[in-house]
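To start, the structure itself, in structure tokens.
What follows draws every value from the coordinates through simple rules; no lab data is involved. What you see is a predicted model; the values in this text were computed from it and never measured. All Cβ positions, glycine included, derive from the backbone under ideal geometry; neighbour counts span all protein chains shown.
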Amino acid sequence: MADIRNEYLKHLDNTAPDMDKLWARIESSIDEKENKSTETGYEKKRQEIKKSGTGFKIAGAAAALILVVAGARMFANTGSDIKQSAKDSTVNDVTVKENTQEAAPQTENEDDRTDFESEEVNNVHNEEAAGDTEVPDIEEQFMESEDMAEEIPRTDSVKTVRLSYSELKLSPTPSIAYVREYASKGDEYFVEDDVLEKTDYFADITVQEAKLTSEGGSYVLEVNAIYDKSGTAQETSITLNSTTPYILQENREYFIPLSYDEGTWSLVFENAPQIELTLDGGVVFQNGWKSLYEGSQDLEKEELSVNDNYYDRMRYCGQNDLQKLLDSWQNE
């Protein structure tokens with residue numbers, strides 16, 4: 001501080017005007033402009049100007065001292081002022097930012113959602129750190145979902161795509177499909193094991209003739225293949241009578257379980273549609289035939305009557321694999 005003060009005083013001394021020289025210039029100027037003034041008036045003004053010059057010197061010195069003291073104070077306060085200014089600037093920036101956020105219209109956009117989500121995540125982390133919130137164990141939930149999935153029965157072998165009966169390749173027929181007035185004989189509910197136990201033959205047949213009367217249907221069947229429990233049998237044609245409401249339609253091919261008693265052929269189970277074979281080797285059956293279920297799919301079929309209990313239980317398999325059914329029957 002002393003060095004600064006000395007330098008400043010030295011600067012003032014070097015730059016302050018020489019009052020004597022200044023007075024000489026003023027005096028010569030006065031002489032030129034006031035040549036007509038009296039000697040008394042001249043001397044009076046001269047004395048007044050000299051006094052004024054002395055006052056100038058005193059005022060200059062006082063002003064120099066004031067400047068030195070003020071400069072020192074300014075220098076001392078410069079550092080704190082800078083720091084305070086930076087602090088004020090930061091506060092002002094924060095205030096402006098807050099005011100801008102309050103004044104700005106609240107629009108729902110992707111950035112706002114991201115900030116909101118980030119804030120929620122931060123809140124979860126803060127609460128977790130404080131021990132106030134228990135975050136669910138994601139790995140444990142994943143393991144539980146896997147366990148639940150394992151408990152659901154697998155049906156990979158059963159196709160779920162529904163096919164319509166009208167889309168199948170079947171021979172045209174003049175026969176109706178259902179006669180409501182016919183009352184089936186025998187058991188009311190289909191159970192495969194019971195049917196197999198009562199079956200004497202399985203026959204692959206094509207209906208040559210279907211005569212429908214008030215007493216029931218009379219059918220002439222062409223035998224394509226026939227099986228008994230020991231193997232194949234020798235039959236080429238079968239005639240049977242039945243009151244099944246599910247008509248064996250002319251020109252259609254079926255695979256039917258038969259009983260034979262004293263020269264009379266009968267259907268083992270009349271109260272359900274018989275297994276039907278398509279022209280391209282497919283198999284149509286009702287879902288009571290569990291031996292045929294594997295690899296099959298749901299089949300949509302028109303409801304034939306209010307008494308038709310199987311229209312929504314029909315299934316279809318694209319491959320004529322009846323050997324499993326025969327093996328199950330022959331080996332029981």
For the pair Q208/L326, report the inter-label distance in nm, with labels modelled 7 Å from Cα in the Cβ direction. 2.2 nm
Got a sec? How would I256, I226 order by Cβ neighbour count within 10 Å, fewest to most? I226, I256
Taking a 28 Å limit on the Cα-Cα distance, which of the listed pairs K198/K290; K211/K324; K198/K324; K185/K211; K169/K290 fall beyond it? K211/K324
Extension gain, N241 back to A183 (0.36 nm per residue minus Cα-Cα distance, nm): 19.6 nm
So how far, in whole Å, is the C-alpha centre of region 227-244 from the one of region 308-326? 20 Å
Which Rg and Dmax, in Å, describe the Cα atoms of region 157-230? 16.1, 44
Just to be sure I follow: if Rg is taken over the C-alpha atoms of region 164-330 and Rh is the Kirkwood radius over the same atoms, what is Rg/Rh? 0.92
Give the order of R162, R5, R313, R252 when sorted by the count of other beta carbons within 10 angstrom, beginning with the fewest. R162, R5, R313, R252
Any idea what Rg and Dmax come out to for region 198-238 if you just take the C-alpha atoms, in Å? 12.1, 38
